[in-house]
Amino acid sequence: MSLQTVNSLVESGWREREGERSEPERDRQLDSRPPHSPAAALAGIPDPQVVAKAEKAQRRKYSASDKQRILEAVDQAIEPGDVGRILRREGLYHSQLSRWRQQRQSGISAGLADKARGAKGPSVKTLQQENRKLQREKTRLEKQLKRAETIIEFQKKAAALFETTTETEES
């Protein structure tokens, strides 16, 4: 259906005659410019393609005492809906609460404590490899030092010999 046909239907009042559609009339732009054109931006029409940048979410961290306090409050909840109220107040999911309960039941006192996140220290294997590498380098440098000492000693002897030969020739 062309734009002229739509305009003629609207002007003829087909909605007033209780036409096929019963929804309210919408504001339409009869021109064919795209909504993200510079003219649309000047007219104050927001670009539908732009998405607001959300802030980066922060990981929630609970200390062992917080976890223990929350578990005790949940254990003392009697009325229906009390547990949900506590979870909403603390910003928790039921799965977190279940995990904390399992850790408490299995007797892991450290399970409720915070776990260190991030990169772990070097493993034993990497330390052993580095140790072997450093030992090989030390051996190589010791050989190089011994060679240099031999050359220096030879140069000293050659210089001493050269001095004695020049002294005997001069006399």
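Quick rundown of the values:
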{"item": "Residue under evaluation Glu167, criteria (1) under 28 Å from the mean Cα position of the chain (by Cα); (2) among the charged types (D, E, K, R); (3) exposed (fewer than 10 other Cβ atoms within 10 Å of the Cβ), criterion not met", "result": "(1)"}
{"item": "Count of residues meeting criterion [closer than 17 Å to Gln103 by Cβ and either among the aromatic types (Phe, Trp, Tyr) or surrounded by 13 or more Cβ atoms within 10 Å (Cβ to Cβ) (or both)] in region 74-86", "result": "1"}
{"item": "Among residues of region 92-117, those that are modelled with pLDDT of 85 or more and of a type outside the set (Gly, Ala, Ser), counted", "result": "9"}
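The values are calculated or read from the model by the stated rules, or taken from the named source; none is laboratory data. Not measured: the values here are computed from a predicted model. Heads up, the Cβs are rebuilt from the backbone with ideal geometry, glycines too, and the neighbour counts pull from every protein chain shown.
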